[in-house]
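The values are calculated or read from the model by the stated rules, or taken from the named source; none is laboratory data. Model, not experiment: these values are computed from the prediction. So basically every Cβ, Gly included, is an ideal-geometry build from the backbone, and we count neighbours across all protein chains shown.
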Amino acid sequence: MEVTIDDKHKIVGMFGESGAGKTTMLKVMAGLVNAAQCTMHLPMHCINTKGRYNPCVYIGADSALFDHLNVAENLTLVIRHSESRQSNSLDLDEVLGLCGISSLMSKMPWQLSGGEKQRVCFARGLLTGKKLLLLDEAFSALDWKLRQVMHQVLRTLASKNGFRAIMVSHSLKELSLCASEVIVIEQGAVLNQMSIKSAVDYQIGSTQNVEVNKADYFCAVNGIFSHIDDQDSSLQVWLLSKSEAVSESQNNGQNKSKDKSRVQTDACRLYVKVPSVNSAEMNNNQFVSALLLPQKGEPRSFALNANQLSVSRHDNNQTSMVNCFPVCISNIIENTTGVVVSGRWHGQVFHSLITIKSFQTLNIKVDEKLYFVCKAL
Amino acid sequence: MSALLESWPAIWLTLKLATITVVILLLIGLPFAWWLAHYKGKLKPFFEALVALPLVLPPTVLGFYLLTAFSPNSYLGSLWITITGEQFIFSFNGILFGSIIYSLPFVIQPLLTAFSQLGTHVKLTISTLGISPIRGFLFIILPIIRPSIISAATLGFAHTLGEFGLILMIGGNIPGKTQVVSIALFNQVESLQYEQAHALSMFLLVISLVSLTLLYKFNRQARLFSAQQRHGALL
């Protein structure tokens, strides 16, 4: 198994069935397991060194904290004894703010919930000063909302603090929200290495003959935050960005993304609900509030499930659906559970899952101009 | 009380012997048990047997071999005399060495179990966090297995208190030098000094009972603690 990762990809996803060898791959990279048949090439980094001199820190779903110490002691232990820490490494307060765990400091590991434990493990990994994070389902115990917050944290770390991450997940949807490239692994071999966009399309193509869960069909939509809606303060207005992936527009610096937001017209707007967050979460996590109120011009990905989108022949303003946009139908996939209709709008592909009955009623053809509608995301 | 005072030299000698034995055994035992717990070679069963050997061997057998090995006529015995200027057998150093071998399994076994149960994930976590193995051992692994270290020390201490055959063989019965409590007691009974024998026996009984009670109390707390952890992990 051999993988080469280009330097321009800050966050790379690794995707595959369970048992495909994702965890082994990461552990080999972290120098924790010896396996000669796995190699990873990352320019600028000397990988495959043993244990503590390895530039990667491995953070797993069930990584254990040291049970005899409380959270604060677990974290200060790393600050005191880790040899990879440098003067410019993140300090304790920064990390606590990023992970929203200030209130857990005096708790013992066995008093923490699974999600809290995972955030403390992530914080501990950041404190080592190592810049390459190997995240093996590291946020799997977090609910979707908090997980999105951590994805946001990860993207910020990648763009501002020079962190890089390789993220393992069995959910392509999770990966599509932060990674720019995906490595698909099957039975201990690299099957494919491609951009996240093509991975999503690939997934949809490969499942066309299989009866799959409706949630498996989705598309990752990239948007740039514009403003809060004038009439309804619980709605954010995002403008669809033309860039292929969020992290690319981040990498190319501020200028380009400003250019992009200038060319966006009001026509390509998407309404997104302001997430409801209770005040306790707000107080101890600056990034939950960042999720609430993004910066103007901030790019982000949204996962849009195919069953959220409906197809309409008319630009109908008389519905409760706030999002309505014109698409050009690019692809139609029929299977036993329904029909996936794919359409392009502003260079991005959307997928809508509809029943066979409505497909026949609407009589949809490729290259037709139709409308996709959905409620606020 | 006066009876106990009469036996004071023997009590003092015994406590000194047991303390030094435990300290030396921990210093040797911790690294050795750590090594043995991670050693995966063919000789592992042999080393484990070697550690357990003093458990099954009659103390007199051990004493006999030590006596012959370190007698002034032997190579080791004469070497010791050249280095230190004094005889090895019938000296405090002699009974200390005997005690270390005699109590070895009682200290090493709990440590070995603790290190083996620790699992590899602790070691891997330490290494991926960029912590050196030595610092990890001192500041993370030793604190984790502290309950086992305390039980090892208590068992080693209590076991050395009760030593008889081996010390009689290698140390003889020199008051103030090699005469430990158990031998002094034997002497007193032989010479029909039952009052002193009673005092000494009671003293030994109380010390053993107290140290074992403390040990089990501590172990129970440690068990409760780990049960809580497991409970937490399940939820």
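Which of the residues spanning the range B:1-30 are buried (at least 19 other Cβ atoms within 10 Å of the Cβ) and not in a helix (DSSP H, G or I)?
Selection gives B:7 alone.
Take the residues in the range B:31-77 that are of a type outside the set (D, E, K, R), in a loop (DSSP other than H, G, I, E, B) and more than 17 Å from the chain's Cα centre (by Cα), then tell me which one is farthest from residue B:172 (Cα to Cα).
Checked the range B:31-77; the qualifying residue farthest from residue B:172 (Cα to Cα) is B:41.
Can you find a residue in the range B:115-129 that is within 27 Å of residue B:213 (Cα to Cα), out of contact with any Gly (no Cβ under 9 Å at 6 or more places or on another chain) and among the hydrophobic types (A, V, I, L, M, F, W, C)?
Yes, some residue in the range B:115-129 is within 27 Å of residue B:213 (Cα to Cα), out of contact with any Gly (no Cβ under 9 Å at 6 or more places or on another chain) and among the hydrophobic types (A, V, I, L, M, F, W, C).
Looking at the range A:64-75 only, could you name the residues that are closer than 23 Å to residue B:147 by Cβ and either at the interface with another protein chain (Cβ under 8 Å from one of its Cβ atoms) or under 29 Å from the mean Cα position of the chain (by Cα) (or both)?
Answer for the range A:64-75, where residues must be closer than 23 Å to residue B:147 by Cβ and either at the interface with another protein chain (Cβ under 8 Å from one of its Cβ atoms) or under 29 Å from the mean Cα position of the chain (by Cα) (or both): A:64, A:65, A:66, A:67, A:68, A:69, A:71, A:72, A:74.
Yes or no, residue by residue, for (1) within 14 Å of chain A (Cβ to nearest Cβ); (2) within 17 Å of residue B:204 (Cα to Cα); (3) acidic (Asp, Glu); (4) touching a helix residue (DSSP H, G or I) at 6+ places or on another chain (Cβ under 7 Å):
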| position | (1), (2), (3), (4) |
| --- | --- |
| B:141 | yes, no, no, yes |
| B:146 | yes, no, no, no |
| B:158 | no, yes, no, yes |
| B:164 | no, yes, no, yes |
| B:169 | no, no, no, yes |
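Being among the aliphatic types (A, V, I, L, M), out of contact with any Pro (no Cβ under 6 Å at 6 or more places or on another chain) and closer than 30 Å to residue A:69 by Cα, is that true of even one residue in the range B:153-162?
yes
Return the pairs, sorted by first residue and then second, in which the second residue is part of a loop (DSSP other than H, G, I, E, B), the first residue lies in the range A:89-106 and is touching a residue at least 12 places away in the same chain (Cβ under 8 Å), the beta carbons are less than 6 Å apart, and the residues are 6+ apart or on different chains.
A:89/A:129; A:100/A:285; A:106/A:70
When the residues of the range A:80-97 are narrowed to those that are over 28 Å from the mean Cα position of the chain (by Cα) and surrounded by fewer than 17 Cβ atoms within 10 Å (Cβ to Cβ), which ends up farthest from the other protein chains (Cβ to nearest Cβ)?
Filtering the range A:80-97 for residues that are over 28 Å from the mean Cα position of the chain (by Cα) and surrounded by fewer than 17 Cβ atoms within 10 Å (Cβ to Cβ), the one farthest from the other protein chains (Cβ to nearest Cβ) comes out as A:87.
When you go through (1) touching a Phe, Trp or Tyr at 6+ places or on another chain (Cβ under 9 Å); (2) closer than 24 Å to residue A:148 by Cβ; (3) at pLDDT below 85 one by one for residue A:94, which number turns out not to apply?
All conditions are met except number (1).
Can you tell me which residue among B:116, B:103 is touching a Ser or Thr at 6+ places or on another chain (Cβ under 7 Å) and either within 14 Å of chain A (Cβ to nearest Cβ) or part of a helix (DSSP H, G or I) (or both)?
Unique residue meeting the criteria: B:103.
So which of B:127, B:91, B:103 is buried (at least 16 other Cβ atoms within 10 Å of the Cβ), of a type outside the set (D, E, K, R), touching a Lys or Arg at 6+ places or on another chain (Cβ under 6 Å) and at negative phi?
Testing whether each residue is buried (at least 16 other Cβ atoms within 10 Å of the Cβ), of a type outside the set (D, E, K, R), touching a Lys or Arg at 6+ places or on another chain (Cβ under 6 Å) and at negative phi leaves just B:127.
Conditions (1) closer than 24 Å to residue A:56 by Cα; (2) modelled with pLDDT under 90, marked per residue:
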| position | (1), (2) |
| --- | --- |
| B:122 | yes, yes |
| B:125 | yes, yes |
| B:129 | yes, yes |
| B:135 | yes, no |
| B:144 | no, yes |
